[in-house]
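A quick write-up on the structure given underneath.
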Amino acid sequence: MSTFAADFYNSPQWRKCREAYKQKAFGLCERCRRKGLIVPGDEVHHKIRITPDNLNDPSITLSFDNLELLCTQCHAEEHRKKNKRYVIGENGEVIPI
C-alpha cells in the first residue's frame, strides 16, 4: 500500500464503500464471472489508480464506477499487465517494490 494512501485505505469511508461494492458484485470476481467462472472476489480494485493528485476526489476513490471486484489472480494480472513490480501483502494488498 502506498504511504500516501494508507490513511484512505484505513478510513471508515473506504471500508464501508469496499464492503458495499463487494455485496453489489455478489462477492464474486467480476472478470472471472464474465468468463463463466465462479471465483470469490478478494480485492476491490480501482480502475483509475489512486495518486496523490486524485486521493481526495471521491469520484475516483469511492465511486462504484471506478471499482471492480477481482480475485487475487486477476488482481495480480492487472498489476503485472501494467509492468509494475509488486508483492502481495499478508492481507492480500498489492505492495509496490
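Below, the figures for the structure above:
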quantity: Of all residues making up the range 47-62, the number that are in a loop (DSSP other than H, G, I, E, B), over 12 Å from the mean Cα position of the chain (by Cα) and loosely packed, with under 15 Cβ neighbours inside 10 Å; calculated: 6
quantity: Number of the condition not met by ASP7 [criteria: (1) of a type outside the set (Gly, Ala, Ser); (2) in a helix (DSSP H, G or I); (3) touching a helix residue (DSSP H, G or I) at 6+ places or on another chain (Cβ under 9 Å)]; calculated: (3)
quantity: Among residues of the range 32-46, those that are among the hydrophobic types (A, V, I, L, M, F, W, C), surrounded by 14 or more Cβ atoms within 10 Å (Cβ to Cβ) and free of Cβ contacts under 8 Å to residues at least 40 places away in the same chain, counted; calculated: 2
quantity: Residue in the range 4-17 that is at pLDDT 95 or above and of a type in the set (Phe, Trp, Tyr) present; calculated: yes
quantity: Single condition GLU19 does not satisfy, out of (1) under 12 Å from the mean Cα position of the chain (by Cα); (2) surrounded by 14 or more Cβ atoms within 10 Å (Cβ to Cβ); calculated: (2)
quantity: Breaking point among (1) at pLDDT 95 or above; (2) not in a helix (DSSP H, G or I), for ARG33; calculated: (2)
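The values are calculated or read from the model by the stated rules, or taken from the named source; none is laboratory data. These numbers come from a predicted model, not from an experiment. Virtual Cβ from ideal backbone geometry, glycine too; neighbours counted across all protein chains shown.
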